[in-house]
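Contents: one structure, followed by commentary.
The values are calculated or read from the model by the stated rules, or taken from the named source; none is laboratory data. Computed from a predicted structure; not experimentally measured. Here the Cβ positions follow ideal geometry from the backbone for every residue, glycine too, while neighbour counts run over all protein chains shown. With ligands, DNA and RNA removed, areas are computed over all heavy atoms of the protein, side chains included. Shrake-Rupley method; radii C 1.70, N 1.55, O 1.52, S 1.80 Å.
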Amino acid sequence: MIDIHKVSFQYLSSSTKIFENLSLQIEKGEFVGIIGPTGCGKSTLCYMLNGLIPYSIKGYFSGDVSVSGKKLVNETVEEMSSVVGYMLQEPSFQIATPNVTSEIAFGMENLGIAREEIVKRLDSVLETLGIDYLKNRATADLSEGEKQRVILASILAMDPQILVLDECSSMLDLPSKLELATTLKQLNKEEQKTVVMIEHDLDYLLELADRIILINNGQIIADGPTAKILTDIDLLRDNDLVPPTIVSLFHEIKKESNFDVEIPTSYSQATEILGKMLK
Ligand SMILES: Nc1ncnc2c1ncn2[C@@H]1O[C@H](COP(=O)(O)OP(=O)(O)O)[C@@H](O)[C@H]1O
Ligand SMILES: [Mg+2]
């Protein structure tokens, strides 16, 4: 599905390589969290999935990237956007038109989709995301959470198989963040969309991702099931990451008590463990 094969990259203005011989595969339907300290190359990795690298962002690039069987070097950024939906950290940077309907239609128009089909898909994504009420609004008047939902709608309207979200929860208030989580879970489980989520909030990833890839110094440091990687408190701290709250808490309990507690990966599991301890 996503196959990054021996990729090396160096920004034109930089004197060092960000990645050297990086290889990575992501299968269809996976929900993958990408983590790593600031500046380790998470966003750069995203640019390689949608063609921004090597087409718009210049540098020294070698290796092969193919997404859904399409080799990046053979496609344009427009073509890749029908395969990979990319959501940026700051919604305001991604809004391109003055109102909600034109914003959602914009990507579809670029793909040359017929007028009737555009109208059909527009209504359908508004319904899927529960944002019919935003249909006649100006994009400038939307809250950050609303903007993000409109961007997600415009991406989903292009029907990409893969969604790449680059730290996009950081601008959201808690209700919007929870709403986004519910939507993404649904898209992943019910429509088998592949989700690649770059995220520094490990509590959020613990809840959402099936697999975690930890990147640092241009390399994959760890790659495995969420429950394994996000409970490895030493690994996370060694890589300047803040472990999920529940993981830190149970590590403290383990350290301070005589209980040999297992480290939970959800609040329901935590409640169960605490229940047993208190018996
Ligand atoms: N357009 C660019 N030109 C030169 N260097 C860049 C560019 N974008 C990012 N970098 C550098 O590449 C490194 C990785 O950046 P980035 O991929 O944004 O990391 P992350 O998303 O993990 O914080 C950083 O050192 C950053 O300064
Ligand atoms: Mg980044």
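Could you work out the relative contact order of the chain, using alpha carbon pairs under 8 angstrom and six or more residues apart, expressed as a whole percent?
Relative contact order of the chain: 22 percent.
Backbone phi angles across the stretch 205-216, fed through the Karplus curve with coefficients 6.51, -1.76 and 1.60 (θ = phi - 60°), yield HN-Hα couplings of 5, 4, 6, 9, 7, 8, 9, 10, 10, 9, 10, 7 Hz in residue order; Gly and Pro are listed as x.
In the chain, the DSSP-assigned H stretches of four residues or longer account for a calculated mean residue ellipticity at 222 nm of -12000 deg cm²/dmol, using -39500 (n - 2.57) per stretch and the full residue count as denominator.
The amide H of Ile221, built 1.01 Å from its N in the peptide plane, has Leu214, Ile215, Asn216 as neighbours under 5 Å, considering only residues 5 or more places off or on other chains.
The magnitude of the dipole of the stretch 32-185, with charges of +1 and -1 set on the Cβ of Lys/Arg and Asp/Glu and taken from the Cα centre, is near 260 debye. Across the stretch 84-102, the residues whose backbone nitrogen lies under 11 Å from the label position 7 Å along the beta-carbon direction of Ala138 are 98-99. Of all beta bridges that DSSP places with both ends in the chain, some 55 percent have antiparallel geometry. In this view, the solvent-accessible surface of Phe93, computed with a 1.4 Å probe and all protein chains in place, comes to about 150 Å². Tyr204 sits among other residues whose Cβ lies under 11 Å from its own Cβ, and their net charge, with Lys and Arg +1 and Asp and Glu -1, is -4. Here Arg237 sits with roughly 130 square angstrom of accessible surface, probe radius 1.4 Å. Each residue of the stretch 139-155 is assigned a 3J(HN,Hα), and the resulting list reads 5, 5, 8, 7, 6, 4, x, 5, 4, 4, 5, 5, 5, 4, 4, 5, 6 Hz, derived from the Karplus form 6.51 cos²θ - 1.76 cosθ + 1.60 (θ = phi - 60°), x at Gly and Pro. Here's the list of lysines a cross-link from Lys193 could span, going by alpha-carbon distance under 22 Å and ignoring same-chain residues fewer than 8 apart: Lys28, Lys42, Lys70, Lys71, Lys120, Lys147, Lys177, Lys185.
In the stretch 15-105, Cα pairs under 8 Å separated by at least six residues give a relative contact order of 19 percent.
For the stretch 98-106, 3J(HN,Hα) computed residue by residue from phi via the Karplus equation (6.51, -1.76, 1.60; θ = phi - 60°) reads x, 9, 4, 5, 5, 5, 6, 6, 3 Hz, glycine and proline entered as x.
Within the assembled protein chains, the solvent-accessible surface assigned to Tyr267 is about 150 Å², based on a 1.4 Å probe.
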